[in-house]
Amino acid sequence: MAHPLSALRRGSAPGWLGLGARLVVGGVMIAAGLIKLPDPAASIEAVRAFELVPASLVEPIGYLLPPLEVVVGLALVVGLMTRGAAVISAVLLVAFTIGIASAWARGLEIDCGCFGDGGADPDAASQYPWEIARDVGLLALSVFLVRLRSSRLALDSLLFRPPVAPVPTAALDDLNEGSLP
């Protein structure tokens, strides 16, 4: 009987780590998006508070971000178009990290708006290091997913399997005649 850890020794550990990374990043994205969906005005205010994008882009970004987070998060959790979803999550996390670092460097005291709310917060600066660390950690997981070929329990592996190479007819004839070793 095979040892229970023998599957891990044969190289499937990255697949399980990929599943974990998908669930963590996807779960955070879904939670962040779902919390913001019911109150688009708060999402818009959070984008505005960072003072990083032109006024004409504040509302479109504020409206688009929550559903985008939910869709990307769902794609990661179920493992559908995982690499593309991981690229989008990585881009978002880079933007979030830059936004928080920029607010911190400019002395802004604002809630990041990551999980709702946003706007002025007198204690925000004390949270910036933790928010940056969280986003950098999630970014590392997203980059891992971009580089990973596949992960366990992903729809990608069902929908996008590599085609099976056809068996040459001559080999089938040899098999039928019993001439193969």
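Using a 1.4 angstrom probe on the protein heavy atoms only, could you order Phe96, Phe115 from most to least accessible area? Don't jump to the answer; show the numbers that get you there.
Values: Phe96 50, Phe115 90 Å².
Output order, biggest surface exposure first: Phe115, Phe96.
Magnitude of the Cβ-charge dipole of segment 14-151, K/R +1 and D/E -1, about the Cα centre, nearest 20 debye? It would help to have the intermediate numbers written out before the result.
On the way: 8 positive and 12 negative charges, 175 e Å.
So the magnitude is around 840 debye.
Quick check for you: with a 1.4 Å probe and neighbouring chains kept, what is the accessible area per residue of segment 14-151, in Å²? Each step should come with its number before you reach the end.
Details: 6880 Å² over 138 residues.
Counting only protein heavy atoms, the per-residue value for segment 14-151 is 50 Å².
Can you tell me how much longer the chain between Leu158 and Ala101 gets when fully stretched, taken as 0.36 nm per residue apart minus their C-alpha distance, in nm with one decimal? Please list the in-between numbers first.
On the way: separation 57, 0.36 × 57 = 20.52 nm, distance 4.01 nm.
Between Leu158 and Ala101, full extension yields 16.5 nm more.
I'd like the carbon and sulfur percentage of the solvent accessible area for segment 14-151, probe radius 1.4 Å, heavy atoms only, ligands and nucleic acids excluded. Write out the running numbers ahead of the final one.
Details: 4960 of 6880 Å².
It is 72 percent, rounded to a whole number.
To the nearest 0.05, what FRET efficiency results for Val78 and Ala133 with a Förster distance of 30 Å applied to their C-beta separation?
Result of the calculation: an efficiency of 0.65.
How are the C-alpha pair distances of segment 14-151 spread across 10 Å bins, as whole percents from the shortest bin up?
Here the calculated profile for segment 14-151 is 14, 42, 33, 11, 1.
The values are calculated or read from the model by the stated rules, or taken from the named source; none is laboratory data. What you see is a predicted model; the values in this text were computed from it and never measured. Note that each Cβ is placed from the backbone with ideal geometry, even for glycine, and that neighbours are counted across all protein chains shown. All accessible areas refer to the heavy atoms of the entire protein, side chains included, with ligands and DNA or RNA removed. Shrake-Rupley method; radii C 1.70, N 1.55, O 1.52, S 1.80 Å.
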